[in-house]
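Here is the structure we will look at, set down as structure tokens.
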Amino acid sequence: PRVAVGSTGAFGFTAIDPVGNTVDDVTVPAGWRWHPIIAWGDPVEAGAPAWDPQNQSAEAQKKQFGYNNDYLDVVPFRGNGNRGLLVANHEYTNDELMFPDYGTTDEAARLRNLETAMYAHGMSVVEVKRRGKGAPWEALRRSRYNRRITLDTQFVLDGPAAGSPLLRTSEDPTGTRVFGTLNNCAGSTTPWGTVLSGEENVDQYFTGPTDPTAREARYGLNTAGRGWGAVQSRFDLRNTATRNEPNRFNWVVELDPENPDEAPVKHTAMGRFKHEGAHVQIAPSGHAVAYSGDDNRFDYLYKFVSRDTFREGPSQAARRHNKTLLSDGDLYVARFVGDGLADGEYDGTGTWLPLVVDGRSMVPGMSVEEVLVYTRVAADTVGATGLDRPEDVEPSPVSGFVYIACTNNTRRTGAQTDEANPRANNKDGHVIELREDAGDPTGRTFTWTILLLCGDPEDESVLTYFGGWDGPVSPISCPDNLAFDDAGNLWVSTDGQPGTIGYNDGLYLVPVEGPERGRVQQFLAVPTGAETCGPQVKAQDGYVLVAVQHPGDFGDASYANPRSTFPYDGVFAGARPACIQVLPA
Ligand code: FEO
Ligand code: CA
Ligand code: CA
Ligand code: CA
């Protein structure tokens, strides 16, 4: 059989059967139910109008919940277990599913839709409450913490590259202030209660430049873009006054949801690339160590080690200090070396190659500012190992081992395979386990092994591996977001599975210790066309959070021809991205 049954995993659920990729439903295990918390268009800030798909506008969207929620968490708030601050990323938009007059030839209407879509990006903070443990979270419509982060929100650029000429534009000659955050993909909640968010595929928002330098081309620039320059000229790089605007994106953003009046920060010390997200663990020495993948085919895994150390305790002084930890530190990129296949394992050793140490560039010919702004170029120079699209990277809170989701890479050829990326035409992706030597996350060396070679175990044309477990597993493809429950079980959500193995995307439990190591068991499936994002598994609290992204994005779907009506509340004939909670029935 394909599917594990009778699991006694973290929640004692029985794995669901894989769900065909045209099924428009959220599927959860027997004994569980799901509940929508907030959806695209729902009012967030004071004065937000009720959502009206026939009358959308940028002004309304600036105060309403954005589109395509990705990272998601409910951050504990003021020590009250029944209040929280829901923080969500809004990565991008599916304009063809959003607007009744999508594709109109009326220029004013086209620009109105474009501007609305621009303001459906960013982040949201929404206060939530519940009646008690086991009850669903409900979004509060009136809270002083409710906040939309949009292209109008001013961010502070901090760290060693702040103020660099590489970050200056005619609108910001200081190189220290940026309006907006874009393509916010995965993220994490820090040990001090702020939220990190990765700015990922930012290149798509810029038009040009038509004469890109090699450094600009390495960041994917020089495309037609989405035409945003017609609304805000800074997105048109044929305009030389804004040529550095892309350098002001592709950072890790830190947002403090408890301080609604505080400008969020873009941390230049953590380097600039297509950050999927970033996850912090506190080393035994007290340093904050943040791991981050550059989600691009053949791109790299990075780690940042803070200069200063974490202060324990709930005091505001400790919190203020901890909020500076990501502003200064050392930056490394990973090289993986296999030890050969004679041992029957895809594994080996690795080195953290220094890029910036003690405020000095370790890269010949590049200044610290250049290394931080053109981090990909610096990493190319030192000989890092290209991975199969490293997405979420998360340390286990129990073991400290670090897990790297490599989503897929169908462009890797047989000649390009290595022990860390062992499959050519890697359509199903894999998960790597990294163990820092001596248990020290601040160190320079590590060992690694492949935990999962994903796929459908019944498809004999694909080499699969499930951590040594040889019983039944749920088929799984394209691992993207990672989470851990309190017991240290890994949870994996997928992106792109409908196109590879024909099942709706989902969320999977994967024990990493003990006799069930590698036993993949599917917990839920999202509706047709959707992607399972943001997962949080609050095992002790008995619930799971999932961001259902781009529901109904399947085949030739459009506003007029929807393929999904998720979240099935009758508000809309199409689908709305929404954050859901899964809890015992
Ligand atoms: Fe936005 Fe790498 O997924
Ligand atoms: Ca080996
Ligand atoms: Ca992702
Ligand atoms: Ca994704």
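The values are calculated or read from the model by the stated rules, or taken from the named source; none is laboratory data. Predicted model only: the values in this text are computed from it and were never measured. With ideal geometry, Cβ positions are generated from the backbone for all residues, glycine too; neighbour counts draw on all protein chains shown.
For ARG376, are the conditions met, namely being within 30 Å of PHE484 (Cα to Cα) and part of a helix (DSSP H, G or I)? In short, yes. Regarding the range 393-408, can at least one residue be identified that is touching a residue at least 40 places away in the same chain (Cβ under 8 Å), in a helix (DSSP H, G or I), away from ligand 2 (no atom under 16 Å from the Cβ) and closer than 26 Å to ARG215 by Cβ? The answer is no, given that none of the residues of the range 393-408 is touching a residue at least 40 places away in the same chain (Cβ under 8 Å), in a helix (DSSP H, G or I), away from ligand 2 (no atom under 16 Å from the Cβ) and closer than 26 Å to ARG215 by Cβ. Taken together, ASP294, ASP347 contain a single residue that is within 16 Å of ligand 2 (Cβ to nearest atom) and not hydroxyl-bearing (Ser, Thr, Tyr), which is ASP347. Selection of the range 27-43 for residues being assigned to a loop (DSSP other than H, G, I, E, B) and buried (at least 24 other Cβ atoms within 10 Å of the Cβ) yields TRP40, GLY41. Filtered by the rule that a residue be farther than 17 Å from LEU331 by Cβ and either in a strand (DSSP E or B) or of a type in the set (Ser, Thr, Tyr) (or both), the range 265-319 gives ILE282, SER285, ARG297, PHE298, THR309, SER315. If the condition is being buried (at least 16 other Cβ atoms within 10 Å of the Cβ) and under 15 Å from GLY338 (Cβ atoms), then the range 418-443 contributes GLU419, ALA420, ASN421, PRO422, ARG423, HIS430, ILE432, GLU433, LEU434. Every test in (1) within 15 Å of ligand 4 (Cβ to nearest atom); (2) over 19 Å from GLU391 (Cβ atoms) is passed by GLY518 save one, and that test is (1). Among the residues of the range 238-246, is any at pLDDT below 95, more than 16 Å from ligand 1 (Cβ to nearest atom) and touching a Lys or Arg at 6+ places or on another chain (Cβ under 9 Å)? For the range 238-246, residues at pLDDT below 95, more than 16 Å from ligand 1 (Cβ to nearest atom) and touching a Lys or Arg at 6+ places or on another chain (Cβ under 9 Å): present.
Matching residues to (1) among the aromatic types (Phe, Trp, Tyr); (2) buried (at least 24 other Cβ atoms within 10 Å of the Cβ); (3) at pLDDT 95 or above:
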residue	(1), (2), (3)
PRO475	no, yes, yes
CYS478	no, yes, yes
ASP485	no, no, no
THR500	no, no, yes
LEU524	no, yes, yes
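Name the residue that is farthest from ligand 1 (Cβ to nearest atom), counting only residues in the range 89-109 that are without any contact (Cβ under 8 Å) to a residue 40 or more places away in the chain and either within 14 Å of SER57 (Cβ to Cβ) or touching an Asp or Glu at 6+ places or on another chain (Cβ under 6 Å) (or both). Among those residues, the one meeting the criterion is ALA108. So which of PHE466, PHE446 ends up being of a type outside the set (Asp, Glu), under 24 Å from GLY502 (Cβ atoms), more than 16 Å from ligand 1 (Cβ to nearest atom) and surrounded by 22 or more Cβ atoms within 10 Å (Cβ to Cβ)? Result of the check over PHE466, PHE446: PHE466. Considering only the range 401-422, I want to know if a residue exists there that is on the phi > 0 side of the Ramachandran plot and more than 16 Å from ligand 3 (Cβ to nearest atom). Checked the range 401-422: no residue is on the phi > 0 side of the Ramachandran plot and more than 16 Å from ligand 3 (Cβ to nearest atom).
One line per residue, one yes/no per condition, for (1) farther than 20 Å from LEU353 by Cβ; (2) within 15 Å of ligand 1 (Cβ to nearest atom); (3) aromatic (Phe, Trp, Tyr):
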site: GLU391; (1), (2), (3): yes, yes, no
site: SER399; (1), (2), (3): yes, no, no
site: CYS406; (1), (2), (3): no, yes, no
site: THR413; (1), (2), (3): yes, no, no
site: LYS427; (1), (2), (3): yes, no, no
site: ILE432; (1), (2), (3): no, no, no
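Filter the strands (runs of 3 or more DSSP E) completely within the range 135-218 down to those with at least 3 residues that are within 16 Å of ligand 1 (Cβ to nearest atom). Before you say what the answer is, go through the steps one by one.
Numbers: elements: 147-149, 154-158, 177-179, 184-189, 195-199.
Correct list: 184-189, 195-199.
Candidates VAL305, VAL333, VAL357, VAL337: the one that is aliphatic (A, V, I, L, M) and within 16 Å of ligand 2 (Cβ to nearest atom) is VAL337.
For GLU436, indicate whether it is touching a Phe, Trp or Tyr at 6+ places or on another chain (Cβ under 8 Å) and in contact (Cβ under 8 Å) with a residue 60 or more places away in the chain.
Working: touching a Phe, Trp or Tyr at 6+ places or on another chain (Cβ under 8 Å): yes; in contact (Cβ under 8 Å) with a residue 60 or more places away in the chain: no.
So GLU436 fails the test.
For first residues located in the range 192-207 and free of Cβ contacts under 8 Å to residues at least 60 places away in the same chain, partners that are within 14 Å of ligand 1 (Cβ to nearest atom) and not in a strand (DSSP E or B) and lie 6+ apart or on another chain with Cβ distances below 6 Å form the pairs ASP203/GLY220; TYR205/LEU182.
One line per residue, one yes/no per condition, for (1) out of contact with any Gly (no Cβ under 7 Å at 6 or more places or on another chain); (2) part of a loop (DSSP other than H, G, I, E, B):
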site: LEU463; (1), (2): yes, yes
site: VAL473; (1), (2): yes, yes
site: ALA483; (1), (2): yes, no
site: GLY499; (1), (2): yes, no
site: LEU509; (1), (2): no, no
site: GLY514; (1), (2): yes, yes
site: GLN522; (1), (2): no, no
